[in-house]
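What follows is a short report on a single structure.
Each value in this text was obtained by applying a stated rule to the coordinates, not by laboratory testing. All values derive from a computational prediction rather than experimental measurement. Quick reminder, even Gly has a Cβ in these numbers, built from the backbone with ideal geometry, and neighbours come from all protein chains shown.
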Amino acid sequence: MKELLEKLPFYNQAVLPYHYAQSLVAGIKYGFPGKKLCVIGVTGTNGKTTTSFMIWQMLNHAGYKTGLMTTVAWGVKKLQPELNHMTTVDAFTLNSRIADIKNQGADFLVLEVTSHALAQFRTLGIPIEIAVFTNLTHDHLDYHKTIANYRAAKGKLFKKAKFSILNADDSATTYYKKLAKSFTTYGIKKGDHRATNIKLNVSGVSYSLDNLQISTQIPGEFNVYNSMAAALVGEKLGLTNTQIVDGIKSLTSVEGRMNIIDEGQPFTVIVDYAHAPDALEKVFASIRGHKGKIISVHGGAGRRDPSTRPIRGEILAKNSDTVIITEDDSRDEDPEKIAAGFIKGAEKQGKILNKDLFKELDRAKAIELAIKKAKKGDLVLILGKGHEKTILRADGPHDFEDIEVARRILKSLSCQHK
């Protein structure tokens, strides 16, 4: 019934009073626990989760008990996996978990904040000490309808934050500067704080920022931006240079973000959560120096912005030798229809169905197909679901995890590749 109602025009606006009331009641029920913590809110289309993990790791490494709530996991020292397919959970769950984090003795909370959550008042009654902006690209227009609405929804975070840290290399920062009470900016090309002497390799990134020498154990130019934002949070909170540098470097990985799956095979397998066009572009940019062939596995979620499907198909085709289109969280939408959008985009870039473009709507079989096609020195990219533990089909959730499926297939085929 809800799925049908959501398709009605203006449904999202009509239910805003309900969302506001729900958040107010949730805050009252749990005593507005966010007011008892120093909350760092992180928003943006991409990079939110990794930036949040870097800040959380940096503060804990420095000895400050810090809570974390992200797309991947939540908790304090011992993180619990986030099983819901959403980043900022509903208001009751959100306030309940914040209360739990406070009861565990935390003084800080790093909170990943989505545009949906801001539009629906889920963060009502949660003061934001520092707000971080990573970037803004085409995403979630199924809900917000226009980029302007999407940008404005995220802007609510900077209106309420005491201090904002904004990505100067993103054009939306011009808009957010006008909303922020106080701010600083960072970037590679522009900003009050700029990364210089940047070095990228498969094991991480390193660069100079102000008087800091930052290095990460997570690769990709986007992690220059993510770690810069984390470092500036550390500076604002008064951490020492050593605490900032050591804290960021101590983060070894984030589940579902550029995770290398190594079972001794003679080729590379990487699992990443990238599902928006910009995120896909950034993944491919981070592996641009790869010498072997690139085989990509990707699909699209149902009841999400269909206009990105051909765009993503084009990106996959342009950057991959072989593209395998598969299922994602199809929900109640026909997987064939979803796949058709990706195939259309891939064919526009010259890919030919059943030659270097394949459709395999069983995701496990699609991953197996990619691994079987890989030769020595090749790279298999499994994109879109990352850390998620289930796949949502028309009949509900099914247990599914890209990382574990890839490991199982690699182990079962290990003899074949020796």
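Figures for the structure shown
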| item | result |
| --- | --- |
| Rel. contact order, % - alpha carbon contacts under 8 angstrom, at least six apart, segment 170-245 | 19 |
| Segment 365-418 versus segment 86-122: alpha-carbon centroid distance in Å | 31 |
| Fewest-first sequence of D395, D305 by Cβ atoms within 10 Å of each Cβ | D395, D305 |
| Proportion of all alpha-carbon pairs of segment 259-417 beyond 18 Å (%) | 54 |
| Which of T43, S215, Y30, positive extreme of dipole for segment 2-249 (C-beta unit charges) | Y30 |
| Electrostatic dipole magnitude of segment 142-282 [Cβ: Lys, Arg +1; Asp, Glu -1; Cα centre; debye, to 20] | 1040 |
| Rg/Rh (Cα only; Kirkwood hydrodynamic radius) as it applies to the chain | 0.96 |
| Residues F342, F92, sorted so that the one with the fewest Cβ neighbours within 10 Å comes first | F92, F342 |
| Positive-end residue, the chain charge dipole about Cα centroid, Cβ charges, pick of I98, I343, A152 | A152 |
| 16 Å Cα-Cα reach of K351 towards lysines, excluding residues that sit fewer than 8 places from it in its own chain | K293, K318, K359 |
| Distance cut-off 25 Å, percentage of C-alpha pairs in segment 2-249 lying past it | 41 |
| Relative contact order of segment 225-377, defined on C-alpha pairs under 8 angstrom at six or more residues apart (%) | 20 |
| Estimated distance in nm for a label pair at T252 and D362, the labels positioned 7 Å out from Cα along Cα-to-Cβ | 3.5 |
| Coil-residue trypsin sites (Lys or Arg not before Pro) of segment 337-384, DSSP, other Cβ within 10 Å capped at 10 | K355, K376 |
| Footprinting exposure proxy for D169, D107, D278 (fewest neighbouring C-beta atoms within 10 Å first) | D107, D169, D278 |
